[in-house]
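The values are calculated or read from the model by the stated rules, or taken from the named source; none is laboratory data. Nothing here was measured: the structure is a model prediction, and the numbers come from that model. In this analysis, Cβ positions are derived from the backbone assuming ideal geometry, glycine residues included, and neighbour counts consider all displayed protein chains.
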Amino acid sequence: MRIHILGASGSGTSTLGRALAEALPAPFFDSDDFYWEPTEPPYRTPRTHDARRAALVSAVEGLPSWIVAGSMMGWGDALIPAFDLVVYLAIPPEIRLARLRAREQARFGDRLARGGDMHADHADFMDWAARYDTGGLDIRSRASHARWMTLLGCPVLPIEGDLSTEARLTKVSAMLSASPRATPPSPLWLAERRDAHPDWPSE
């Protein structure tokens, strides 16, 4: 099975992706590994759309199954015809942002404090993450993800609420059992679909 899991930063896409990859089993990929250039401090320089796309397509090429977690609107659209299922995760923003703060603190510690080399980056990141639930189609947001998902040709499973990874796995497994693998549409289908929707979200 070829599954894409998306949602706001801090919603648990990578956690579910790794658990699902182990359960199936299937290779797991995180979209951030393709989006960002390796820098120190990290997460400062995004790769070009073409570079991201090429690296992602190369990573999954020839694999009968895979899990990709994270957001890849626009630059990752080459994988859309291969999707068997897309899973969308949403949790209350106050829970999500609290987990993000705790996660970043655990990863980077004093570097996030005032005077640290990542303080400004962290403040910008948290501001960006906080705008997910209210932002428009011009940024990565709940609205742009919702719009992007309406344009897909595969089943979409929304999972709302602060559920455990095990509960989410149960929902995905039930969906996979109920939805046999469909014949993937052609790349021409994707091009025609994008041409018909000029507001197709990208990032």
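Results, tabulated for the structure shown:
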| quantity | calculated |
| --- | --- |
| Residues of segment 80-96 that turn out to be buried (at least 17 other Cβ atoms within 10 Å of the Cβ), of a type in the set (D, E, K, R) and part of a helix (DSSP H, G or I), as a count | 1 |
| In segment 38-63, residue surrounded by the fewest Cβ atoms within 10 Å (Cβ to Cβ) [restricted to those that are part of a loop (DSSP other than H, G, I, E, B) and within 17 Å of the chain's Cα centre (by Cα)] | Y43 |
| Selection status of P155, out of contact with any Ser or Thr (no Cβ under 8 Å at 6 or more places or on another chain), surrounded by fewer than 16 Cβ atoms within 10 Å (Cβ to Cβ) and not small (G, A, S) | no |
| Matching option when the condition is within 28 Å of A21 (Cα to Cα), out of contact with any helix residue (DSSP H, G or I) (no Cβ under 8 Å at 6 or more places or on another chain) and without any contact (Cβ under 8 Å) to a residue 60 or more places away in the chain, among A167, A196, A191, A120 | A167 |
| D77, sole failed condition from (1) modelled with pLDDT of 95 or more; (2) crowded, with 16+ Cβ neighbours inside 10 Å | (1) |
| Segment 67-81 residues that are over 21 Å from S11 (Cα atoms), paired with ones that are β-branched (V, I, T) and surrounded by fewer than 19 Cβ atoms within 10 Å (Cβ to Cβ) (beta carbon under 6 Å, 6 or more apart) | A78/V57 |
| Residues within segment 67-88 that are over 18 Å from P185 (Cα atoms) and among the β-branched types (V, I, T), tallied | 3 |
